[in-house]
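The structure under discussion appears below in the form of structure tokens.
Each value in this text was obtained by applying a stated rule to the coordinates, not by laboratory testing. Computed from a predicted model, the values in this text were never measured in an experiment. Virtual Cβ from ideal backbone geometry, glycine too; neighbours counted across all protein chains shown.
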Amino acid sequence: MGTLTSKAVTINQVGGPENMQLIDVQVGEPAAGEVRIRHHAIGLNYIDVYQRSGVYNLPLPLRLGMEGAGVIEAVGEGVTHLKVGDRAAYASQPPGSYCELRVLPAKCVCKLPDAISFETGAAMMLKGLTTQYLLRKTLPAGGLKEGDYVLFHAAAGGVGLIACQWARAMGLQLIGTAGSDAKCALAKQHGAAHTINYSSEDFVARVKDITGGRGVKVVYDSVGKDTLEKSLDCLSPFGLLASFGNASGKVPPLDIGVLGAKGSLYISRPTLFTHIATRESTQAMADDLFAMVASGKVTIPIDQRYALADVQQAHRDLEARKTTGASVLLP
């Protein structure tokens, strides 16, 4: 078939949203272990901002975007779990999903069930698989059982709203924090047992109040610098702090002696890409996610849609915390 042309978003230097350019790129045939996919929808995530701004240091020029959904157009040698014409969705390295058409490794691309739309598929893979590894695999000593309290920061964000629903389905008491009363109401609507507006309330005091002074077994923290230290104060002895993002800035170095003083605490810095390093692990996690979505226990709220050409505005809105739920780019 030779070479095809696709619009793609690229940056030549790190910095603000204005550095993103929509250019024409050439797309070839997939090599062994690869597929070519034509996107119907593309997911937008905070990791894209980290990569664009230089928080995460990647070689330049760089094509942005970590997830998408569409139709498989070509399959490389050795790929057996996908065929031409399949509906598919993925969250994957390397970046490059902000485009119409791309070639990428097949191991993280999953067949998308017919019951799930392309927009939902594009919006849910990175955030949904993140929620899956947090609530199912990033667990405190002794695990989590029904009735246990967990604290989830940024509960009205893309990952947060999925986590609120998933935690409710597991019988957990999720305490969600958010930066406004409206966002707190949204988290509550999606299954948070309790909510805390951290711009007007002291979340440590409120967590102690809600849990009868005991604290929570786990804090899931994607905010980073602004919340990390206080998150530790919310944990019960042997509790786990899972720091999985840094929307407010990089977490400063931590004196690990503090973990002993505060109750023999654990701390983890998990990433999705360690969890989806193999085809088998990716598929098992995706199957769990697809089952939760197909059952209706988890819905994926897509609150913003942007044309691919409007990607700069999409990033501005994301950074200004104007978005709720998930956002998609439409090629």
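Near PRO17, within a Cβ-to-Cβ distance under 12 Å, what is the net charge of the other residues, with Lys and Arg +1 and Asp and Glu -1?
-3
Excluding LEU259 itself, calculate the net charge of residues whose Cβ lies under 13 Å from the Cβ of LEU259, where each Lys or Arg counts +1 and each Asp or Glu counts -1.
Charge balance in the 13 Å sphere: -2.
With no solvent and one point on each alpha carbon, what is the Debye value of log10 I(q)/I(0) for region 139-269 at q = 0.11 Å⁻¹?
Per q value, in the given order, log10 I(q)/I(0) is -0.33.
Taking the inverse of the average 1/r across all pairs of different Cα atoms in region 199-243, what Kirkwood radius in Å do you get?
10.6
If Rh is defined by the Kirkwood formula over all Cα pairs and Rg also comes from Cα, what ratio Rg/Rh do you get for region 1-114?
0.98
Hey, quick one: spin label on GLU77, modelled 7 Å out along Cα-Cβ, who in region 25-63 has an amide N within reach, i.e. under 11 Å?
Counting backbone N atoms under 11 Å from the label point, the list is 31-33.
Which number do you get for Rg(Cα) / (2.2 N^0.38 Å) in region 198-331?
1.29
Would you mind checking LYS208/LYS297; LYS107/LYS188; LYS262/LYS297; LYS7/LYS83; LYS127/LYS183 for any pair whose Cα atoms are more than 27 angstrom apart?
From the list (LYS208/LYS297; LYS107/LYS188; LYS262/LYS297; LYS7/LYS83; LYS127/LYS183), the Cα-Cα distance tops 27 Å for LYS208/LYS297; LYS107/LYS188; LYS262/LYS297.
Roughly speaking, what % of Cα-Cα pairs in the chain are separated by over 27 Å, rounded to a whole number?
Across the chain, Cα pairs with separations above 27 Å total 43 percent.
Name the residues whose placed amide hydrogens come within less than 5 Å of the amide hydrogen of LEU235, ignoring near sequence neighbours (fewer than 5 apart) on the same chain.
Those qualifying (amide H under 5 Å, at least 5 residues apart or on another chain) are VAL216.
Please go through region 149-238 and write out the trypsin sites (Lys or Arg not before Pro) that DSSP classes as loop and that have at most 16 other C-beta atoms within 10 Å.
When the trypsin sites (Lys or Arg not before Pro) of region 149-238 are filtered for loop state and at most 16 Cβ neighbours within 10 Å, ARG214, LYS225 remain.
I need the fraction of alpha carbon pairs in region 100-192 separated by more than 17 Å, rounded to a whole percent.
56
Is any helix in the chain, taking whole DSSP H runs, at least 24 angstrom long along its axis by alpha carbon and on average at least -0.5 on the Kyte-Doolittle scale, and which ones?
The answer, listed by residue number, is 118-137.
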